Amino acid sequence: MVDRPLVLMAVHAHPDDEATGTGGVLAKYAAEGIETVLVTCTDGGCGDGPGGIKPADPAHDAAVVVALRAEELRRSAEILGVTHLEQLGYADSGMLGWPQNEAPHAFWNTPVAEAAQRLAELMRRYRPDVVVTYDEYGFYGHPDHIQAHRITMAAVEATGVPAKVYWTTVPRSAFAQFQKVFEEFAPAGAELPEADPDAPQVGVPDEEVTTFVDVAAFGKQKFAALEAHASQGENILFLQMGQERFTELMGVETFLRVRDSTGAALPEDDLFAGLR
Ligand SMILES: [Zn+2]
């Protein structure tokens with residue numbers, strides 16, 4: 001047991017990732033008096049511009065997108081009750097193979113040790129008991145998500161600060177539900193991207209999930225946080241579902257526990273099991 005306020009740190013790649021993957025736990029634990037630290041590694045400059053302008057469009061102005069997304073992130077963090085919002089400010093690397101991968105300040109182009117050192121400083125300052133990030137594949141292969149995973153694990157290794165470390169995941173049984181929702185809400189003619197047969201499979205078999213946190217009571221905050229990021233095309237599908245359906249689909253957040261010094265029994269329903 002620790003005799004100071006418990007601290008949760010979530011490390012994410014882009015503005016808006018905090019809402020979909022961990023909006024529920026951020027809101028829930030903040031409501032329980034736990035200090036929350038949100039670290040967003042990139043500026044989101046490869047996102048959609050105002051009016052849905054895509055990054056390949058010559059009218060796309062990364063500086064405008066960065067300012068817009070910083071404001072959306074600030075609003076989302078406020079809705080989720082985030083105690084400390086930290087932006088590392090690396091340039092969004094875009095999807096794998098995009099020219100932005102090679103930009104000098106691109107997150108993907110930054111040595112892991114360099115970015116990990118900055119994150120380690122934050123871990124030493126905030127002393128998180130629990131740290132959450134993505135799996136080695138960045139959940140779906142985005143270079144910035146992979147890099148966020150790498151720097152987080154390196155910072156954990158260097159500092160030894162958190163008692164528990166988690167990777168966000170999705171049980172494979174949930175994909176059938178996502179498919180159904182996609183068919184119902186996606187615009188006519190839209191198709192789910194073909195899975196790359198050479199890429200690792202997204203999510204894990206249900207029995208491998210270690211931690212299920214029921215965040216349905218915080219569905220309103222999670223949905224509102226995502227609404228704060230309405231400029232991004234991929235969020236619109238979720239927003240079209242409405243809060244109730246969204247909460248049904250996303251009301252339990254699931255994780256893989258990959259580091260633990262508490263000995264809390266698995267499966268567990270609380271990221272802080274064994275710490276309070
Ligand atoms: Zn992202």
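Quick notes
- Enclosed volume per residue, in Å³, of the convex hull spanned by Cα atoms of region 83-198: 158
- Too-long pairs where the Cα-Cα distance tops 21 Å, listed order kept, from K54/K222; K28/K222; K28/K164: K54/K222
- Candidates E253, E227, E183: whichever shows maximal mean-square fluctuation once the chain is modelled as a Gaussian network with Cα springs under 10 Å: E183
- The phi torsions of region 97-110, fed into the Karplus equation with coefficients 6.51, -1.76 and 1.60 and a -60° offset, translate into couplings of x, 6, x, 4, 4, 8, 4, x, 9, 4, 4, 5, 8, 9 Hz, rounded to whole numbers, with Gly and Pro shown as x.
- With all protein chains modelled, accessible area of H105 [1.4 Å, Å²]: 140
- Toward the positive end of the charge dipole of region 183-276, with +1 on the Cβ of Lys and Arg and -1 on the Cβ of Asp and Glu, the farthest Cα among A188, Q240, G263 is that of G263.
- Shape analysis of region 1-59 places it in the prolate category; the axes a ≥ b ≥ c from the Cα gyration tensor give an a/c of at least 1.5, with a/b above b/c.
- Remark on region 119-164: ratio of C-alpha radius of gyration to 2.2 N^0.38 Å is 1.13.
- Cut-off 15 Å (backbone N to label point 7 Å along Cα→Cβ of E234), residues of region 17-31: 17-22
- Semi-axes of the equivalent ellipsoid for the chain, Cα gyration tensor, largest first, Å: 27, 23, 18
- Evaluated over the Cα positions of region 15-146, the convex hull gives a direction-averaged projected area, one quarter of its surface, of 8.3 nm².
- Principal axis analysis of the Cα atoms in region 135-276 yields extents of 49, 37, 30 Å, listed in decreasing size.
- Working note: Karplus 6.51/-1.76/1.60 with θ = phi - 60° gives region 211-225 the couplings 9, 10, 10, 7, 10, 4, 5, 10, x, 5, 5, 5, 5, 5, 5 Hz, where Gly and Pro are set to x.
- Dipole of the chain [Lys/Arg +1, Asp/Glu -1 at C-beta], most positive-end residue of G52, A106, V7: V7
- At R0 = 25 Å, FRET efficiency that the Cβ-Cβ distance of F182 and E114 yields, to 0.05: 0.05
The values are calculated or read from the model by the stated rules, or taken from the named source; none is laboratory data. If you're wondering where the values come from, they're calculated on a predicted model, not measured in any experiment. Neighbour counts run over all protein chains shown; Cβ positions are idealised from the backbone, glycine included. Calculation scope for accessible area: heavy atoms of the full protein, side chains included, ligands and nucleic acids excluded. Shrake-Rupley method; radii C 1.70, N 1.55, O 1.52, S 1.80 Å.
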